[in-house]
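Enquirer: Here it is: the structure, laid out below.
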Amino acid sequence: MTSHDPTCIFCKIAAGGIPAQRLYEDDDVLAFHDIRPAAPLHFLLIPKQHVASLAEANEAHQPLLGKLLALAPSLVRKQGFDDGFRTVINTGPNGGQEVDHLHLHVMAGPRPWKNG
Ligand code: 5GP
Ligand code: ZN
């Protein structure tokens, strides 16, 4: 069931092969700070298993997708931000997705932001 793509940068981060500033991790998911933050707080929440994009998701991914979303608020609060946040999932080339491993962007902090 669990899949891993050895060429995928986020699979490498999940496996510890590429370093990242981790802020949360359990058996299913990992959160780490975006290397090019668009906001004062900008982290990515990913499933540890390789799912290329939201376009690949089906009913079987429902618990995993729910978990990613449900974790966002507490992780934002733990980072010391309590005034709202933005969540984004880019999907496919026309959706602006650059890394082909499903990820939820979570951004927070006082505006204006650099992007986003
Ligand atoms: P996308 O455009 O695919 O939705 O977003 C990919 C995000 O991953 C970008 O915001 C980019 O800055 C971030 N990113 C790409 N490579 C790395 C990396 O090696 N480490 C970290 N921490 N973030 C990365
Ligand atoms: Zn992957």
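Enquirer: Hey, for a label at residue 77 modelled as a point 7 Å past Cα toward Cβ, could you say which residues of the stretch 1-31 have their backbone N under 17 Å away?
Expert: Once the point is set 7 Å along Cα→Cβ of residue 77, 24 turn out to lie under 17 Å by backbone N, inside the stretch 1-31.
Enquirer: Continuing with the same structure: Report, in deg cm²/dmol and to the nearest 500, the calculated mean residue ellipticity at 222 nm for the chain, where each DSSP H run with n ≥ 4 adds -39500 (n - 2.57) and the sum is divided by the residue count.
Expert: -6500 deg cm²/dmol
Enquirer: In Å, what is the Rg of the alpha-carbon atoms in the stretch 19-63, and how long is Dmax?
Expert: Expressed in Å, the Cα Rg and Dmax of the stretch 19-63 come to 12.1, 34.
Enquirer: Quickly rank 47-56, 86-95, 25-34 as a protection proxy: mean count of other C-beta atoms within 10 Å, highest first. Working shown, then result.
Expert: Numbers: 47-56: 17.9, 86-95: 13.3, 25-34: 15.7.
Top of the packing list down: 47-56, 25-34, 86-95.
Enquirer: Using only Cα atoms and rounding to the nearest 10 degrees, what angle (0 to 90) does helix 62-78 make with the longest principal axis of the chain?
Expert: For 62-78 against the chain, the angle is about 30 degrees.
Enquirer: Grab the eigenvalues of the alpha-carbon gyration tensor for the chain, scale each by 5, take roots, and send me the semi-axes largest first in whole angstrom.
Expert: They are 22, 15, 15 Å, listed largest first.
Enquirer: While we're looking at this one, here's another question. What is the Cα centroid distance between the stretch 1-64 and the stretch 96-116, reported in whole angstrom?
Expert: Between the Cα centres of the stretch 1-64 and the stretch 96-116 lies a distance of 14 Å.
Enquirer: Would you work out the relative contact order for the stretch 59-116, in percent, from Cα pairs under 8 angstrom that are 6 or more residues apart?
Expert: Once normalised by length, the contact order is 33 percent.
Enquirer: Related question: Which whole number of Å³ per residue matches the convex hull of the alpha-carbon atoms in the stretch 57-116?
Expert: Per residue, the Cα convex hull of the stretch 57-116 comes to 100 Å³.
Enquirer: Something else: What is the chain's relative contact order, in percent, from Cα pairs under 8 angstrom and six or more apart in sequence?
Expert: Reported relative contact order: 31 percent.
No lab work stands behind these numbers, since they all come straight from the coordinates. These numbers come from a predicted model, not from an experiment. Neighbour counts run over all protein chains shown; Cβ positions are idealised from the backbone, glycine included.
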